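S.K.: For reference, the structure I am asking about is given below.
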Amino acid sequence: MNLYNFITYLEYLDKKLAEFFDNQQEYICCQKGCAKCCQHGNYPFSKIEFEYLMLGFKKLDKNTQELIRNKIINLNEEKITSSEKYFMYECPFLIDNECSVYKHRGIICRTFGLMYYREDGNTKIPFCAFQGLNYSKVADEEKKIISEEKYIASGYIQEPLAFNVSYKFLTNKEHEIGYGIQFGECKSLIEWLIEEFHIR
Ligand code: SF4
Ligand code: SF4
């Protein structure tokens, strides 16, 4: 039941996000083959999201599964020797710059590329704005905010908008109650994978 409700929630979320991306289409450069957002991250996943992701993994052919498993083994070694507080890594499901488990990807993955409100109310611009991608023509690199001056000069019709799509918000109690879901424990994707594949 939990997984069934979660899938219903994902359908709702995908619809909402599609509206937001559509609204901001002038600023969005996302396209097949662009995968910078999957190449350097920490990727928080709740238990239910991870279970759903693993269903996607099981649908992959044996060679692809083996490839992903080897990537996880290598990442585990990198993680052990890393001194970073939040280990940042390329997602092992990224193959040839495409997500191999696209339908089963996490909530955070679905929001990549949009501007969102943080808990403190400030706006977070996607990191790729500073790599010439989404919102780059209206972003102030130094202040990490949208520049009103650049927006006015840009000639864009739609205002650059942030949405309430922080990971914390999308996995909060309100959504759990509303959709009858228990998201469960949340940790970085690599930690789930190390546990799942019994890698130590
Ligand atoms: S699960 Fe897919 S979309 Fe999410 S970070 Fe990994 S490769 Fe990217
Ligand atoms: S969010 Fe940025 S890095 Fe990711 S696909 Fe879109 S444009 Fe590329």
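S.K.: Two decimals is fine: what's Rg over Rh for the chain, C-alpha atoms, Kirkwood radius as Rh?
M.R.: Values: Rg = 17.8 Å, Rh = 18.2 Å.
Rounded to two decimals, Rg/Rh equals 0.98.
S.K.: Got a sec? Charge dipole of the chain, +1 on Cβ for Lys and Arg, -1 for Asp and Glu; which of Y117, I152, C34 is way out at the positive end?
M.R.: The residue sitting most towards the positive pole is C34.
S.K.: Which far-off residues, 5 or more places away or on another chain, put their amide H under 5 Å from the one on I145, with H placed in the peptide plane?
M.R.: Hits under the 5 Å cutoff: D140.
S.K.: Would you mind counting up the charge near I48? Only other residues with Cβ under 12 Å from its Cβ, with Lys and Arg at +1 and Asp and Glu at -1.
M.R.: Local net charge: -3.
S.K.: Do the sum for the chain: with -39,500 (n - 2.57) for every DSSP H run of n ≥ 4, divided by all residues, what is the mean residue ellipticity at 222 nm, to the nearest 500 deg cm²/dmol?
M.R.: Calculated at 222 nm, the ellipticity per residue is -12500 deg cm²/dmol.
S.K.: Okay, next question. Treating the angle as unsigned and between 0 and 90°, give the value, to the nearest 10°, between the Cα long axis of helix 2-23 and the longest Cα principal axis of the chain.
M.R.: That helix lies at roughly 30 degrees to the long axis.
S.K.: Report the FRET efficiency, 1/(1 + (r/R0)^6), for N70 and I7, where r is their Cβ-Cβ distance and R0 is 35 Å, rounded to 0.05.
M.R.: 0.75
S.K.: So how strong a dipole does the chain carry about its Cα centre when Lys and Arg Cβ are +1 and Asp and Glu Cβ are -1, to the nearest 20 debye?
M.R.: 340 debye
S.K.: Find out how many positive minus negative residues lie around N2, taking Lys and Arg as positive, Asp and Glu as negative, among other residues whose Cβ is under 11 Å from that of N2.
M.R.: Spelling it out: positives minus negatives among the neighbours equals -1.
S.K.: Take T171, T64 and order them by how many other Cβ atoms sit within 10 Å, fewest up front.
M.R.: T64, T171
S.K.: Going by amide H atoms built from the backbone, whose H comes under 5 Å of the H on M115, apart from near neighbours?
M.R.: F163
S.K.: May I pose another question? Under a 10 Å cutoff between Cα atoms, tell me which one of E119, E98, E51 has the largest fluctuation in the Gaussian network model of the chain.
M.R.: Maximum fluctuation in the GNM of the chain, among the listed residues, is at E119.
S.K.: In addition: With an 8 Å Cα cut-off and a minimum separation of 6 or more residues, compute the relative contact order for the chain in percent. Before the final figure, lay out each step's value.
M.R.: On the way: 227 pairs, mean separation 66.7, N = 200.
So the answer I get is 33 percent.
S.K.: Quick check: from the Cα gyration tensor, does segment 160-200 come out rounded (a/c under 1.5), prolate or oblate?
M.R.: Taking the square roots of the gyration eigenvalues as a ≥ b ≥ c, segment 160-200 is oblate.
S.K.: Only Lys, Arg, Asp and Glu count, each charged at its Cβ (+1, +1, -1, -1), so figure out the dipole size of segment 98-200 about its Cα centre, rounded to 20 debye.
M.R.: Rounded to the nearest 20 debye, it is 180 debye.
S.K.: Between the DSSP loop rule and a limit of at most 11 other Cβ atoms within 10 Å, which chymotrypsin sites (Phe, Trp or Tyr not before Pro) in segment 1-103 are left? Before the final figure, lay out each step's value.
M.R.: Numbers: sites: Y4, F6, Y9, Y12, F20, F21, Y27, F45, F50, Y52, F57, Y86, F87, Y89, F93, Y102; in loops: Y86, F87, F93.
Answer by residue number: Y86.
S.K.: Of Y52, A129, Y167, which is farthest on the positive side of the dipole of segment 2-196, counting Cα position, with +1 on Lys and Arg Cβ, -1 on Asp and Glu Cβ, and the Cα centre as origin?
M.R.: Y52
S.K.: Please compare each pair in K32/K144; K47/K85; K58/K137; K47/K143; K15/K168; K59/K124 to a cut-off of 29 Å on the Cα-Cα distance and tell me which ones are over it.
M.R.: Over 29 Å apart, Cα to Cα: K58/K137; K47/K143; K59/K124.
Computed from the coordinates by the stated procedures, all read-outs in this text should not be read as laboratory data. Everything quoted here is computed from the prediction, not taken from an experiment. Positions of Cβ are backbone-derived with ideal geometry, glycine not excepted, and every protein chain shown enters the neighbour counts.
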